[in-house]
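Down below is the structure, laid out as structure tokens.
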Amino acid sequence: MPNVLVIEDDARVAAEIKSALLDHGFRVDGAFNGTSGLSKALGGNFDVIVLDRMLPEIDGLSLLTKLRGAKISTPVLILSALSAVNERVDGLRAGGDDYLAKPFEFIELTARVDALARRKIAAEAVNELRVGDLCLDLINRVLYRADKPIELLPKEFAIIEFLMSNAGTLVSRKMIFESVWGYSFNHESSVIDVHIGKIRKKLDPDGLNPCIHTVRNTGFILRAAA
């Protein structure tokens with residue numbers, strides 16, 4: 001039974017969210033402003049946080065930034081009346097895992113919370129990924145090749161995690177972009193290729209056989225090195 005923290009300053013909306021989640025089988029705690037919400041989020045063991053963007057005392061995005069800065073990785077569903085693409089992008093960039101615009105149907109909210117809870121459980125069940133001589137330590141966030149650690153920047157780590165999770169499968173640039181950045185893909189952007197190029201330089205020094213292969217005009221495949 002997942003634990004959910006609902007941080008929402010509108011008492012009526014908070015009560016309706018709590019009722020919907022309880023009916024779905026979740027345990028629910030609540031906070032009505034950013035200060036108490038942050039305190040509970042930092043101190044509690046929650047599986048999902050439902051976070052209103054417009055909060056008194058500490059706004060939702062500032063609260064989320066503080067959480068991520070404190071290394072709290074609990075999945076966060078942002079609720080907001082601000083539904084424009086740039087608003088969703090800001091929320092996801094701040095560390096949100098999903099974004100639901102108000103007004104919403106409670107059946108969709110519970111489905112999204114359920115999906116985030118399942119994702120957290122699945123992530124906790126796997127401590128590392130292995131493909132050939134590559135080992136990705138998901139707990140300490142370190143990549144090893146042939147038992148040698150490789151330093152990666154956060155976006156590089158996210159990309160290699162996605163590629164290793166889909167090892168042997170062709171993944172498009174759009175799939176990588178939406179998994180790592182979480183918003184609509186700009187087909188004219190070279191950001192994926194730039195990051196892949198940097199990762200390759202770190203993975204394949206000293207003549208080691210490559211792990212990441214480009215499929216022209218399509219995407220990439222990560223395979224165990226030959």
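Okay, residues lined up against (1) of a type outside the set (Lys, Arg); (2) modelled with pLDDT under 95:
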site: LYS18; (1), (2): no, no
site: HIS24; (1), (2): yes, yes
site: ASP29; (1), (2): yes, no
site: GLY37; (1), (2): yes, no
site: PRO56; (1), (2): yes, no
site: GLY60; (1), (2): yes, yes
site: THR65; (1), (2): yes, yes
site: ALA70; (1), (2): yes, yes
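Apart from one condition, ASN127 fits all of (1) at pLDDT below 85; (2) buried (at least 16 other Cβ atoms within 10 Å of the Cβ); the exception is (2).
Inspection of region 42-52 identifies at least one residue that is assigned by TED's automatic domain parsing to the domain that holds GLU105 and assigned to a helix (DSSP H, G or I).
Does GLY34 satisfy the criteria of being more than 21 Å from the chain's Cα centre (by Cα) and within 24 Å of GLY182 (Cβ to Cβ)? So GLY34 passes the test.
Scanning region 93-123 for residues that are among the acidic types (Asp, Glu) and in contact (Cβ under 8 Å) with a residue 12 or more places away in the chain, we see that the one that is surrounded by the fewest Cβ atoms within 10 Å (Cβ to Cβ) is ASP114.
The values are calculated or read from the model by the stated rules, or taken from the named source; none is laboratory data. Source: prediction; values computed, not measured. Positions of Cβ are generated from backbone atoms using ideal geometry, with glycine treated the same way; all protein chains shown enter the neighbour counts.
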